[in-house]
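Here's the structure, in C-alpha coordinates; my notes come after.
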Amino acid sequence: MRILVTNDDSCDSPLLALLIERLAPYGTLHLVAPAAEQSWRGKSMTRYGTLKVEPIRIAGLDGHSVTGTPADCTNLGIFELLPEKPDLVVSGINIGSNVSLGFAMASGTLGACLEGNIAGIPGLALSQALAPEVYQQWSQHRRFDPAELDRLGAQLDAALPRIWARCVAPPGGDSTPTTMSVNLPPVMTDPEPVATRLAASSYGGCFVTNDDGFHHRIRRLDIAEDPSGDAAAVNSGRVSATLLDVAVLGQAPALFGAPPAAGPQNRA
(Lines give C-alpha, C1' and ligand atoms only; values in the text may rest on other atoms or scores of the structure.)
Protein backbone atom coordinates (compact mmCIF):
# COMPACT_ATOMS: atom_id res chain seq x y z
CA MET A 1 0.00 0.00 0.00
CA ARG A 2 1.24 3.49 -0.91
CA ILE A 3 0.49 5.84 1.99
CA LEU A 4 0.68 9.63 1.89
CA VAL A 5 1.41 10.89 5.42
CA THR A 6 0.70 14.44 6.52
CA ASN A 7 -0.56 16.42 9.52
CA ASP A 8 -1.57 19.92 10.61
CA ASP A 9 0.72 20.47 13.62
CA SER A 10 3.77 20.90 11.36
CA CYS A 11 6.91 18.89 10.76
CA ASP A 12 8.16 19.35 14.33
CA SER A 13 5.26 17.50 15.94
CA PRO A 14 6.48 14.57 18.08
CA LEU A 15 3.25 12.74 17.27
CA LEU A 16 4.02 12.90 13.54
CA ALA A 17 7.30 11.08 14.22
CA LEU A 18 5.43 8.62 16.42
CA LEU A 19 2.97 7.92 13.61
CA ILE A 20 5.68 7.43 10.99
CA GLU A 21 7.46 4.88 13.18
CA ARG A 22 4.26 2.89 13.76
CA LEU A 23 3.02 3.09 10.16
CA ALA A 24 6.20 1.71 8.59
CA PRO A 25 5.04 -1.95 8.59
CA TYR A 26 1.77 -1.09 6.83
CA GLY A 27 3.09 0.12 3.48
CA THR A 28 5.39 2.45 1.59
CA LEU A 29 5.25 5.85 3.25
CA HIS A 30 5.49 9.20 1.47
CA LEU A 31 5.73 12.23 3.74
CA VAL A 32 4.41 15.67 2.76
CA ALA A 33 3.78 17.86 5.80
CA PRO A 34 3.30 21.56 6.58
CA ALA A 35 6.43 23.52 7.42
CA ALA A 36 4.57 25.51 10.11
CA GLU A 37 1.58 25.08 12.43
CA GLN A 38 -1.68 24.82 10.47
CA SER A 39 -4.30 23.91 13.08
CA TRP A 40 -7.86 25.04 12.43
CA ARG A 41 -7.22 25.54 8.72
CA GLY A 42 -9.88 23.01 7.71
CA LYS A 43 -9.66 22.14 4.01
CA SER A 44 -8.45 25.60 3.00
CA MET A 45 -5.88 25.86 0.22
CA THR A 46 -3.40 28.55 -0.77
CA ARG A 47 -5.08 30.52 -3.56
CA TYR A 48 -2.51 33.33 -3.78
CA GLY A 49 1.20 33.33 -3.07
CA THR A 50 3.93 30.79 -3.73
CA LEU A 51 4.32 27.49 -1.94
CA LYS A 52 7.87 26.46 -1.10
CA VAL A 53 8.74 22.76 -0.96
CA GLU A 54 11.84 21.63 0.91
CA PRO A 55 13.32 18.20 1.69
CA ILE A 56 12.91 16.91 5.26
CA ARG A 57 13.72 13.73 7.14
CA ILE A 58 11.58 12.58 10.08
CA ALA A 59 11.97 9.29 11.96
CA GLY A 60 14.20 7.96 9.21
CA LEU A 61 11.74 8.85 6.43
CA ASP A 62 12.68 11.29 3.67
CA GLY A 63 9.88 13.59 2.56
CA HIS A 64 8.84 17.16 1.82
CA SER A 65 7.80 20.15 3.88
CA VAL A 66 5.38 22.63 2.33
CA THR A 67 4.79 26.26 3.30
CA GLY A 68 1.05 25.73 3.04
CA THR A 69 -2.00 24.05 4.52
CA PRO A 70 -2.62 20.34 5.09
CA ALA A 71 -4.89 20.28 2.04
CA ASP A 72 -2.10 21.88 0.01
CA CYS A 73 0.19 19.08 1.16
CA THR A 74 -2.28 16.40 0.11
CA ASN A 75 -2.92 17.89 -3.30
CA LEU A 76 0.77 18.48 -4.02
CA GLY A 77 1.61 15.02 -2.78
CA ILE A 78 -0.96 13.30 -4.99
CA PHE A 79 -0.41 15.26 -8.17
CA GLU A 80 3.15 16.64 -8.02
CA LEU A 81 5.48 15.03 -5.50
CA LEU A 82 4.73 11.31 -5.25
CA PRO A 83 5.97 8.91 -7.92
CA GLU A 84 2.55 7.23 -8.01
CA LYS A 85 -0.93 8.07 -6.78
CA PRO A 86 -1.28 6.89 -3.16
CA ASP A 87 -3.79 4.30 -2.02
CA LEU A 88 -4.48 6.10 1.26
CA VAL A 89 -3.96 9.45 2.98
CA VAL A 90 -3.12 9.20 6.69
CA SER A 91 -3.20 12.49 8.57
CA GLY A 92 -2.07 13.07 12.14
CA ILE A 93 -1.57 12.27 14.81
CA ASN A 94 -3.31 15.52 15.74
CA ILE A 95 -2.27 17.02 19.07
CA GLY A 96 -5.69 17.26 20.68
CA SER A 97 -9.00 15.63 19.86
CA ASN A 98 -11.18 16.38 16.86
CA VAL A 99 -14.50 15.23 18.28
CA SER A 100 -17.86 16.82 17.41
CA LEU A 101 -19.04 18.69 14.34
CA GLY A 102 -17.51 22.07 15.19
CA PHE A 103 -13.99 20.69 15.50
CA ALA A 104 -14.31 18.35 12.52
CA MET A 105 -15.28 21.27 10.28
CA ALA A 106 -12.27 23.30 11.46
CA SER A 107 -9.67 20.52 11.59
CA GLY A 108 -6.70 20.68 9.26
CA THR A 109 -6.07 17.03 10.10
CA LEU A 110 -9.43 16.07 8.63
CA GLY A 111 -9.10 18.64 5.85
CA ALA A 112 -6.02 16.86 4.52
CA CYS A 113 -8.00 13.62 4.20
CA LEU A 114 -11.04 15.32 2.68
CA GLU A 115 -8.80 16.80 -0.02
CA GLY A 116 -7.68 13.24 -0.75
CA ASN A 117 -11.31 12.10 -0.91
CA ILE A 118 -12.00 14.68 -3.61
CA ALA A 119 -9.14 13.12 -5.59
CA GLY A 120 -10.74 9.69 -5.13
CA ILE A 121 -8.48 8.48 -2.30
CA PRO A 122 -9.71 7.26 1.12
CA GLY A 123 -8.34 8.82 4.28
CA LEU A 124 -7.58 7.98 7.88
CA ALA A 125 -7.45 10.97 10.24
CA LEU A 126 -5.92 10.25 13.65
CA SER A 127 -6.27 12.57 16.65
CA GLN A 128 -5.02 12.17 20.22
CA ALA A 129 -7.02 13.70 23.07
CA LEU A 130 -4.76 14.90 25.89
CA ALA A 131 -5.03 15.80 29.54
CA PRO A 132 -5.24 19.62 29.89
CA GLU A 133 -1.81 19.92 31.49
CA VAL A 134 -0.20 17.85 28.72
CA TYR A 135 -1.82 19.96 26.03
CA GLN A 136 -0.74 23.17 27.76
CA GLN A 137 2.86 21.98 27.85
CA TRP A 138 2.76 21.49 24.10
CA SER A 139 0.92 24.74 23.46
CA GLN A 140 3.33 26.83 25.54
CA HIS A 141 6.64 25.02 24.94
CA ARG A 142 6.06 22.77 21.87
CA ARG A 143 7.35 19.72 23.67
CA PHE A 144 6.11 16.61 25.48
CA ASP A 145 7.49 15.03 28.58
CA PRO A 146 9.40 11.93 27.37
CA ALA A 147 7.49 9.65 29.75
CA GLU A 148 4.18 10.94 28.42
CA LEU A 149 5.33 10.45 24.84
CA ASP A 150 6.31 6.86 25.67
CA ARG A 151 2.89 6.27 27.23
CA LEU A 152 1.07 7.63 24.17
CA GLY A 153 3.26 5.44 21.97
CA ALA A 154 2.31 2.36 24.00
CA GLN A 155 -1.39 3.21 23.61
CA LEU A 156 -0.91 3.60 19.88
CA ASP A 157 0.86 0.25 19.70
CA ALA A 158 -2.22 -1.37 21.24
CA ALA A 159 -4.80 0.51 19.18
CA LEU A 160 -3.28 0.89 15.69
CA PRO A 161 -3.55 -2.78 14.57
CA ARG A 162 -7.22 -2.75 15.55
CA ILE A 163 -7.83 0.62 13.91
CA TRP A 164 -6.18 -0.61 10.74
CA ALA A 165 -8.20 -3.83 10.66
CA ARG A 166 -11.51 -2.03 11.24
CA CYS A 167 -11.02 1.27 9.40
CA VAL A 168 -8.68 0.69 6.44
CA ALA A 169 -9.62 -1.42 3.42
CA PRO A 170 -6.95 -3.87 2.23
CA PRO A 171 -5.31 -3.29 -1.17
CA GLY A 172 -7.75 -4.37 -3.84
CA GLY A 173 -10.67 -4.04 -1.42
CA ASP A 174 -13.26 -1.32 -1.06
CA SER A 175 -11.47 1.95 -1.84
CA THR A 176 -14.48 4.25 -1.47
CA PRO A 177 -13.10 7.80 -1.04
CA THR A 178 -14.32 8.46 2.49
CA THR A 179 -12.49 9.55 5.64
CA MET A 180 -12.44 7.66 8.91
CA SER A 181 -11.92 10.12 11.76
CA VAL A 182 -10.36 8.27 14.69
CA ASN A 183 -9.91 9.87 18.11
CA LEU A 184 -7.78 8.26 20.80
CA PRO A 185 -8.59 9.03 24.45
CA PRO A 186 -6.08 10.48 26.94
CA VAL A 187 -6.18 7.24 28.94
CA MET A 188 -7.39 4.23 26.98
CA THR A 189 -9.60 1.64 28.66
CA ASP A 190 -10.18 -0.44 25.51
CA PRO A 191 -8.04 -0.38 22.32
CA GLU A 192 -10.85 -1.68 20.12
CA PRO A 193 -12.41 1.19 18.10
CA VAL A 194 -16.12 1.81 18.49
CA ALA A 195 -18.26 3.15 15.63
CA THR A 196 -19.55 6.64 16.44
CA ARG A 197 -21.06 9.67 14.80
CA LEU A 198 -20.09 13.32 15.06
CA ALA A 199 -21.59 14.80 18.20
CA ALA A 200 -23.43 18.10 17.72
CA SER A 201 -21.48 21.05 19.09
CA SER A 202 -21.42 24.81 19.24
CA TYR A 203 -19.11 27.47 20.62
CA GLY A 204 -19.13 31.17 21.34
CA GLY A 205 -16.50 33.74 20.54
CA CYS A 206 -13.24 32.29 19.28
CA PHE A 207 -11.02 35.31 19.95
CA VAL A 208 -9.79 37.34 22.88
CA THR A 209 -8.03 40.68 22.71
CA ASN A 210 -4.88 42.09 24.26
CA ASP A 211 -2.57 45.02 23.50
CA ASP A 212 -1.50 43.78 20.07
CA GLY A 213 -4.85 42.57 18.71
CA PHE A 214 -7.02 39.44 18.78
CA HIS A 215 -5.86 35.89 19.50
CA HIS A 216 -7.66 32.58 19.07
CA ARG A 217 -9.19 31.21 22.26
CA ILE A 218 -12.57 29.50 22.52
CA ARG A 219 -14.46 30.94 25.46
CA ARG A 220 -17.44 28.57 25.45
CA LEU A 221 -17.85 25.07 24.06
CA ASP A 222 -21.01 22.96 24.19
CA ILE A 223 -20.95 19.35 22.99
CA ALA A 224 -24.24 17.46 23.01
CA GLU A 225 -24.54 14.50 25.37
CA ASP A 226 -24.97 11.83 22.73
CA PRO A 227 -24.15 8.26 23.85
CA SER A 228 -23.44 7.30 20.24
CA GLY A 229 -21.29 10.37 19.61
CA ASP A 230 -17.53 10.51 19.27
CA ALA A 231 -17.08 12.72 22.33
CA ALA A 232 -18.87 10.24 24.60
CA ALA A 233 -16.64 7.39 23.43
CA VAL A 234 -13.43 9.34 24.01
CA ASN A 235 -14.63 10.56 27.41
CA SER A 236 -15.19 6.95 28.44
CA GLY A 237 -11.68 5.90 27.42
CA ARG A 238 -12.69 4.34 24.12
CA VAL A 239 -11.29 4.88 20.63
CA SER A 240 -13.94 6.56 18.47
CA ALA A 241 -14.18 5.90 14.72
CA THR A 242 -16.49 8.16 12.71
CA LEU A 243 -17.07 7.77 8.99
CA LEU A 244 -17.18 11.01 6.96
CA ASP A 245 -18.41 10.90 3.37
CA VAL A 246 -18.05 14.07 1.30
CA ALA A 247 -20.25 12.55 -1.42
CA VAL A 248 -23.24 12.91 0.91
CA LEU A 249 -22.94 16.70 0.58
CA GLY A 250 -23.86 16.36 -3.08
CA GLN A 251 -27.02 14.40 -2.28
CA ALA A 252 -28.91 17.04 -0.30
CA PRO A 253 -32.44 17.65 -1.60
CA ALA A 254 -33.04 20.74 -3.70
CA LEU A 255 -34.96 23.46 -1.85
CA PHE A 256 -36.59 24.98 -4.92
CA GLY A 257 -37.76 22.10 -7.04
CA ALA A 258 -35.68 19.64 -9.00
CA PRO A 259 -31.94 20.32 -9.28
CA PRO A 260 -30.64 21.34 -12.70
CA ALA A 261 -29.53 18.62 -15.06
CA ALA A 262 -25.86 17.76 -14.92
CA GLY A 263 -23.80 18.98 -17.85
CA PRO A 264 -20.87 21.11 -18.93
CA GLN A 265 -22.87 24.29 -18.31
CA ASN A 266 -23.07 23.48 -14.59
CA ARG A 267 -19.38 22.86 -13.95
CA ALA A 268 -17.62 25.23 -11.60
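At 0.692 mPa s and 37 °C, plugging the Kirkwood radius over alpha-carbon pairs of segment 118-227 into Stokes-Einstein gives what diffusion coefficient in µm²/s? Estimated diffusion coefficient is 192 µm²/s. Divide the volume of the convex hull around the Cα atoms of segment 5-134 by the residue count and you get 105 Å³ per residue. Which one of LEU19, GLY49, VAL89 is farthest out on the positive end of the charge dipole of the chain, using unit charges on Cβ (Lys, Arg +1; Asp, Glu -1) and the Cα centre as origin? Checking the options against the dipole of the chain, the answer is GLY49.
Relative to its residue count, segment 120-182 spans a Cα convex hull of 106 Å³ per residue.
Quote to one decimal, in nm, the extra length available between GLU133 and VAL187 on full extension: 0.36 nm per residue of separation minus the C-alpha distance between them.
18.1 nm
Note on THR67/ASP245: beta-carbon distance plugged into 1/(1 + (r/R0)^6) with R0 of 22 Å gives a FRET efficiency of 0.10. Both radii come from the Cα set of segment 57-139: Rg as radius of gyration, Rh as Kirkwood radius; their ratio Rg/Rh reads 1.00.
Checking [x] 125; [y] 171; [z] 140 against volume of the Cα convex hull per residue in Å³ calculated from these atoms, the matching label is [y]. Only protein heavy atoms count here; on that basis, with a 1.4 Å probe, PHE207 has an accessible area of about 110 Å². Principal axis extents of the C-alpha atoms in segment 69-189 (largest first, rounded to whole Å): 40, 30, 29. Ordering of 113-123, 149-159, 63-73 by packing is 63-73, 113-123, 149-159, highest average first (other Cβ atoms within 10 Å, averaged per residue).
Go ahead and run the numbers for FRET between SER228 and SER202, Cβ-Cβ distance against an R0 of 25 Å, rounding to 0.05. The calculated FRET efficiency here is 0.85.
The values are calculated or read from the model by the stated rules, or taken from the named source; none is laboratory data. Here the structure is a predicted model, which means the values were calculated and not measured. Neighbour counts run over all protein chains shown; Cβ positions are idealised from the backbone, glycine included. Note: areas computed on protein heavy atoms with side chains; ligands, DNA, RNA excluded. Shrake-Rupley method; radii C 1.70, N 1.55, O 1.52, S 1.80 Å.
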